[in-house]
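To start, the structure under review is shown below, and the notes come after it.
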Number of protein chains: 2
Amino acid sequence: MSFRTLTERENTILSLIVQSYIHDCTPVGSRTLVRRFGLDLSPATIRNTMNDLEEAGLLIQPHTSAGRIPTSLGYRIYVDELMAPKPLSRKERATIRDAVVGEHSGHIRDAATVLDQTVRALGGLTRLLAVSFEPRLDQGTFEKIELVSLGAGKILAVLTIEKGFLRTIVLELEATVNSEALNETSGILNERLSGLPIKIIRESVRERLRDAVAKDPKILKLIVNSSDDIFASPQEDEGIHYWGTPNILSQPEFADRERMVSLMGALEEKEIIVRVLGGHRQEGGLTITIGEENADGEIKFCSVVASPYVVGEVSGSLGVLGPTRMEYSKLVSIVDYTARIVSEVLGEESTEKDLTDEIA
Amino acid sequence: MSFRTLTERENTILSLIVQSYIHDCTPVGSRTLVRRFGLDLSPATIRNTMNDLEEAGLLIQPHTSAGRIPTSLGYRIYVDELMAPKPLSRKERATIRDAVVGEHSGHIRDAATVLDQTVRALGGLTRLLAVSFEPRLDQGTFEKIELVSLGAGKILAVLTIEKGFLRTIVLELEATVNSEALNETSGILNERLSGLPIKIIRESVRERLRDAVAKDPKILKLIVNSSDDIFASPQEDEGIHYWGTPNILSQPEFADRERMVSLMGALEEKEIIVRVLGGHRQEGGLTITIGEENADGEIKFCSVVASPYVVGEVSGSLGVLGPTRMEYSKLVSIVDYTARIVSEVLGEESTEKDLTDEIA
DNA sequence: GTTAGCACTCGATATATGAGAGTGCCAATA
DNA sequence: TATTGGCACTCTCATATATCGAGTGCTAAC
């Protein structure tokens, strides 16, 4: 990653500067560094090293005769090679777990509720903007469909997806339908499609149902014609939860009005979140994206620590967004742990006898 | 409202000051007022009147030797007695209507989608924070319930409520259930409860089903025991849509960091919205709340223009929130019109043959 | 290789100054 | 009697100026 290997001293200095700057948001000078960390070197020596680091592109000076601050590349080196993840305290683990698991032990929550409470906890704990995506159900396996007549030609399709996820859709037919025809249709669908991944179904319903015969073919026809919607991947900008805008707006790096407004606008449009966190889904593990590494101009002052969570074949992602000056060593632990807990909680087959409110 | 009747001149001056201040966000002085509006009076005369208005509590000076700005009470008089609602242009009406009605004429949207697009349009048009509540279904009339087995003891209850609103809930039973028993149960429920308001049902299910006999009584029992959830009024802080935080943050009155952060925090917690807009539901019509008239400290610099929308017996509300310095005369027209259109659109029985995605 | 010393830079802070907009008051006016 | 012109005064805002302090780069000495 770095185009030349840093010396031991350079590593130390870089690390200390990053830590100091993360803590203070103040450019750090040679003298301060020596004093604060009780270094056994003179400021002049530090200055020389700083100069080298600056030439290597890891530090910059906001202006002549100010201290140095890390560049994105500087943070990158720090994150990849220098920092040690900071373990969570028992209390922190408990905070996260309690929030994700939820208070009412007798009450099973759906994914939206779980993630909503998760981002609240995550935002509160990190004092940053916490973000999460609901799971993308179209990665999952189709279990079965039920068709319910709602009267006036409306039909409710209820899709059951592995691990207890549910998706409901209202379809409409001009003719009235009887429940017998609905049962027949759902029977055919379940027989032919059960156990297949949603994605596969979306691509191949037509062929799979081509030779199906039903007494009342118009329902089957409706299903096939609407299959893009029924077996759809959810809209990219749906199922996003976030929390902590005041946190992020309080950060000194957003004192600039312009920057703040553009960030908020980007958040509201959700494109940013989708682009930044969307790519993280179903990938390996926790990722850190720093400053200009984010393609989007609006958040080139921001970093993102994100991790996928996995529930069976279905997955989503969660993470935090904040200024590049963030406490990476702590955040990787927090985000990683949160993602694990969410995986765990959403993966539990609901065994409690209570009810979940899938839609408000 | 005002504790003394204002003279003709006082009315004029107050009105002009309000208009000028709304336009400029600059305290307005006597000389400026005369020049800008070509008044046939000398600045000295205006000063006398201004002094009177200040004593009446309708104007204040930010500091000695600055111009005047209206107080909340000043705005109140203006809104109640002086201003004339500004009619919407054809184009503005079209903008609102198009957003609420939606683009795909062949696609029926659910309330959440409609309101989401509505607040976007409303926020964009007013350059303020637009807010809406989804309808409170528990004001509505229960049409029927369908019970669908999802396997593993899970049952999906689908409630149909007048005007095509839908509510689904997952219930859980330790035993497995057969569809016959479910049909029997839903039959009993529909027979006894159909046509009743949800609210009434919530209060009286027990009595109404006391003497009901079913071959498999445990499902009926589950329904009764879970009735608080099934026929619940939705959580106060659910079903809220808002859009336009960047708009509001760009307003000069939120240059103050502190104020901005506290407003954003309040918004995220949603309590503010609930308290401010929540009360407006099912009430007469459009309401305007100005500055300190809002009980909440966080938004004592804000005003709210809100209106209920009504769909049959069910209603919700929508409106805009912004600094007290807002263009009331225009906003009342916009909010009123938007509420009407939303009422209309949500009230339409869905006749299109297409499908709605009720849950993501 | 490390360090002390020194001249220099530059942002931040405090202070002074003047311009401009506005006010209140009072005596003159129609 | 209501209106007005005139005047002294107030207060903010913008600008200019001086000073302080943290920090730098460079060089010569250790």
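Some values worked out for this structure:
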| item | result |
| --- | --- |
| Residue count for segment B:31-56, restricted to those that are open to solvent by 30 Å² or more (accessible area, probe 1.4 Å), touching a residue at least 40 places away in the same chain (Cβ under 8 Å) and assigned to a loop (DSSP other than H, G, I, E, B) | 0 |
| Of all residues making up segment B:154-193, the number that are touching a residue at least 40 places away in the same chain (Cβ under 8 Å), more than 16 Å from B:Ala214 (Cβ to Cβ) and either open to solvent by 60 Å² or more (accessible area, probe 1.4 Å) or of a type outside the set (Ser, Thr, Tyr) (or both) | 8 |
| The one condition in (1) surrounded by 13 or more Cβ atoms within 10 Å (Cβ to Cβ); (2) farther than 30 Å from B:Ser226 by Cα that A:Ala94 fails to fulfil | (1) |
| Residue match in segment A:62-83 (condition: within 16 Å of DNA strand C (Cβ to nearest atom), at positive phi and either modelled with pLDDT under 95 or in the same structural domain as A:Gly124 (by TED's automatic domain parsing) (or both)) | yes |
| Answer residue from segment A:5-28, given it is more than 16 Å from DNA strand D (Cβ to nearest atom) and in a loop (DSSP other than H, G, I, E, B) and is nearest to A:Glu327 (Cα to Cα) among those | A:Leu6 |
| When residues of segment B:148-165 are limited to those that are at pLDDT 85 or above and more than 7 Å from chain A (Cβ to nearest Cβ), the one farthest from the chain's Cα centre (by Cα) | B:Ser149 |
| Members of segment A:68-84 found to be farther than 11 Å from A:Ile17 by Cβ and within 10 Å of DNA strand D (Cβ to nearest atom), listed by number | none |
| Search result, residues across segment B:293-335 that are within 17 Å of the chain's Cα centre (by Cα) and of a type in the set (Ser, Thr, Tyr) | B:Ser303, B:Ser307, B:Tyr309, B:Ser315, B:Ser317, B:Tyr328, B:Ser333 |
| Residue that is nearest to A:Phe142 (Cα to Cα), among those in segment A:292-307 that are among the polar types (S, T, N, Q) and assigned to a strand (DSSP E or B) | A:Ser307 |
| Answer from B:Val320, B:Val276, B:Val345, B:Val310 - the residue that is at pLDDT below 95, part of a strand (DSSP E or B) and more than 14 Å from every other protein chain (Cβ to nearest Cβ) | B:Val310 |
| Output for segment A:280-324, where each listed residue is open to solvent by less than 10 Å² (accessible area, probe 1.4 Å) and of a type in the set (Phe, Trp, Tyr) | A:Tyr309 |
| Which listed residue is near DNA strand C (Cβ under 9 Å from one of its atoms) and more than 33 Å from the chain's Cα centre (by Cα), from B:Leu41, B:Leu33 | B:Leu33 |
| Unmet requirement for B:Arg192, which otherwise passes all of (1) within 19 Å of B:Glu313 (Cβ to Cβ); (2) touching a Leu at 6+ places or on another chain (Cβ under 7 Å) | (1) |
| Segment B:43-81, residues that are closer than 21 Å to B:Ser329 by Cα and in contact with a strand residue (DSSP E or B) (Cβ under 8 Å, 6 or more places away or on another chain) | B:Leu58, B:Leu59, B:Arg68, B:Ile69, B:Pro70, B:Thr71, B:Ser72, B:Gly74, B:Tyr75, B:Arg76, B:Tyr78, B:Val79 |
| Whichever residue in segment B:39-67 is among the small types (Gly, Ala, Ser) and away from DNA strand D (no atom under 13 Å from the Cβ) and, among such residues, is farthest from B:Met326 (Cα to Cα) | B:Ala56 |
| In segment B:300-324, the residues that are farther than 17 Å from B:Asp80 by Cβ and in contact with a His (Cβ under 9 Å, 6 or more places away or on another chain) | B:Pro308, B:Ser317, B:Leu318, B:Gly319 |
| Pairs, first open to solvent by less than 20 Å² (accessible area, probe 1.4 Å) in segment B:58-72, second within 11 Å of DNA strand D (Cβ to nearest atom) and not small (Gly, Ala, Ser), C-beta under 6 Å, six or more apart | B:Gly67/B:Pro27 |
| Test: residue in segment B:121-131 that is open to solvent by 40 Å² or more (accessible area, probe 1.4 Å) and within 20 Å of B:Glu348 (Cβ to Cβ) | no |
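Residue-by-condition table, conditions (1) surrounded by 20 or more Cβ atoms within 10 Å (Cβ to Cβ); (2) among the acidic types (Asp, Glu):
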| site | (1), (2) |
| --- | --- |
| A:Ser204 | no, no |
| A:Arg208 | no, no |
| A:Pro217 | no, no |
| A:Lys221 | no, no |
| A:Glu238 | no, yes |
| A:Ile248 | yes, no |
| A:Val261 | no, no |
| A:Met264 | yes, no |
| A:Ile272 | yes, no |
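The values are calculated or read from the model by the stated rules, or taken from the named source; none is laboratory data. Computed from a predicted model, the values in this text were never measured in an experiment. Ideal geometry is used to build each Cβ from the backbone, glycine not excepted, and the neighbour counts take in all protein chains shown. Quick note on the areas: whole protein, heavy atoms, side chains included, nothing else; ligands and nucleic acids left out. Shrake-Rupley method; radii C 1.70, N 1.55, O 1.52, S 1.80 Å.
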